[in-house]
Amino acid sequence: MTTSQKQETVTKTKIVAEIYKHFSEGNVPAILELMAEDIHWEYSGGTPGVPWLTESKGRESTIAFFESLSAIEFIKFEPKEILEGNDVVVGLLDVEFKVNATGKTIREIDETHIFKFDSDNKVCGFRHGVDSYKHWEAQW
């Protein structure tokens, strides 16, 4: 067996698992390092009026997502499955959090996270699959 065969392959699934690990530790700089400079966050357009579901472009602009999380308090963040395709990975999670301003709780069972990858294995696109109305409504 050659040295290259012994080296562990870095799969996109492992990259997403690493992102989730860094997220649970609050290590935003480590997460940003795994993203392309031109990442398109909430590439489906986001949800107007929901700070944590806002569209942005570029790694620096994506920082606003992590800053917006100060408006909520996580009760549960549990990745259950990470599924890999060619240049896409889908995370399936159970998530529960409280909106600090209203005290309302959001509970998502099987929330999806879609990660798109570029040729350098950097995340170049991301979006949440959630009940966006429920997220919007919880703020009022």
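The values are calculated or read from the model by the stated rules, or taken from the named source; none is laboratory data. Computed from a predicted structure; not experimentally measured. Neighbour counts are summed over all protein chains in view; Cβ atoms, including those assigned to glycine, are modelled from backbone coordinates with ideal geometry. Note: areas computed on protein heavy atoms with side chains; ligands, DNA, RNA excluded. Shrake-Rupley method; radii C 1.70, N 1.55, O 1.52, S 1.80 Å.
What to note about this one:
- Rounded if a/c under 1.5, otherwise prolate or oblate - segment 18-60, Cα gyration tensor axes: oblate
- Å² per residue, accessible surface of the chain at 1.4 Å: 56 Å²
- The label-point distance for S61 and S132, in a model that sets each label 7 Å from Cα toward Cβ, rounds to 1.6 nm.
- Inter-site label distance for K80 and T112 at 7 Å from Cα along Cβ, in nm: 1.4 nm
- The charge dipole of the chain, taken about its Cα centre with unit charges on the Cβ atoms of Lys, Arg (+1), Asp and Glu (-1) only, comes to about 120 debye.
- Around I106: net Lys/Arg minus Asp/Glu count, Cβ-Cβ under 13 Å: -2
- For the chain, the number of Lys pairs with C-alpha atoms closer than 15 Å, counting only pairs eight or more positions apart or on separate chains, is 14.
- Helix 12-25 and the longest principal axis of the C-alpha atoms of the chain enclose an angle of approximately 50°.
- Segment 47-140, accessible surface, carbon-and-sulfur percent (1.4 angstrom probe): 50 percent
- Extents of segment 22-121, largest first, come to 42, 28, 26 Å (Cα atoms, principal axes, whole angstrom).
- As a length-normalised measure over Cα pairs under 8 Å and 6 or more apart, the relative contact order of the chain settles at 22 percent.
- Net charge contributed by nearby residues that have their C-beta within less than 9 Å of G58 (K/R +1, D/E -1): -1
- Spherically averaged projected area in nm², based on the convex hull that wraps the Cα atoms of segment 28-86: 5.3 nm²
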